[in-house]
Amino acid sequence: MWWSCGWEAFGVAYQPSSLIAGPSLPLLWRPQLAEARRVRAVGLFEDGVSNAEIARAVGVCAESVRRWRRRWEQGGASALRRRAATGRPPKLDNTQVETVRAALEQGAQAHGFEADLWTLERVGAVVTRATGVVLSRASVWRMLTGRLG
């Protein structure tokens, strides 16, 4: 069972400390943010900072930092890098996703819908028209939230 040990589990909004937050951080997807936290932790490991202080700095629980430190000691910084996703490859390649992005930016009315409102079914219809690939509602949602941000 997965147990969340981040600050959110205690009803506290996460505020990154000055050890991880610079003047302006780019918008990151969740996997990128997780990797950025681990990379920052590596720098702090090398500086001799304690696990508890690193946990506070990057906004995770101390157990996560202990696990990261073990992996770092065994395999170096590369052991904490994000790995490629396993499982079935996506149905749409990057070029097709960008084609869909451009089509969606035109608005729903440009695709013959009455109102300029996007639903999963409408997005799925546009994906099929633009690429010839039929996606389930769940796949449309994953594409919108994951690959299109």
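Given Cβ point charges of +1 (Lys, Arg) and -1 (Asp, Glu) and nothing else, what value in debye, to the nearest 20, does the dipole of region 110-149 about its Cα centre take? Before the final figure, lay out the partial values.
Working: 5 positive and 3 negative charges, 47 e Å.
With Lys and Arg at +1 and Asp and Glu at -1, about 220 debye.
Could you please state how large a percent of the accessible area of region 24-131 is carbon and sulfur, counting protein chains only and using a 1.4 Å probe?
It is 51 percent, rounded to a whole number.
Residue 67 to residue 105: extension gain in nm, 0.36 nm per residue of separation minus the Cα-Cα distance?
On the way: separation 38, 0.36 × 38 = 13.68 nm, distance 4.24 nm.
Extra length available between residue 67 and residue 105 comes to 9.4 nm.
Can you check what the net charge comes to around residue 97, using other residues whose Cβ is under 15 Å from the Cβ of residue 97 (Lys, Arg +1; Asp, Glu -1)?
That sum, taken over residues with Cβ under 15 Å, equals +2.
Take 121, 35, 46, 114 and sort them by solvent-accessible surface of the protein heavy atoms, 1.4 Å probe, largest at the top.
Correct descending sequence by accessible area is 114, 46, 121, 35.
Cβ under 12 Å from residue 136's Cβ, residue 136 left aside: what net charge do those residues give with Lys, Arg +1 and Asp, Glu -1?
Numbers: positive: 91, 137, 142; negative: 121.
Around residue 136, the charge tally is +2.
The values are calculated or read from the model by the stated rules, or taken from the named source; none is laboratory data. Here the structure is a predicted model, which means the values were calculated and not measured. Neighbour counts run over all protein chains shown; Cβ positions are idealised from the backbone, glycine included. SASA here: full protein model, heavy atoms, side chains in, ligands and nucleic acids out. Shrake-Rupley method; radii C 1.70, N 1.55, O 1.52, S 1.80 Å.
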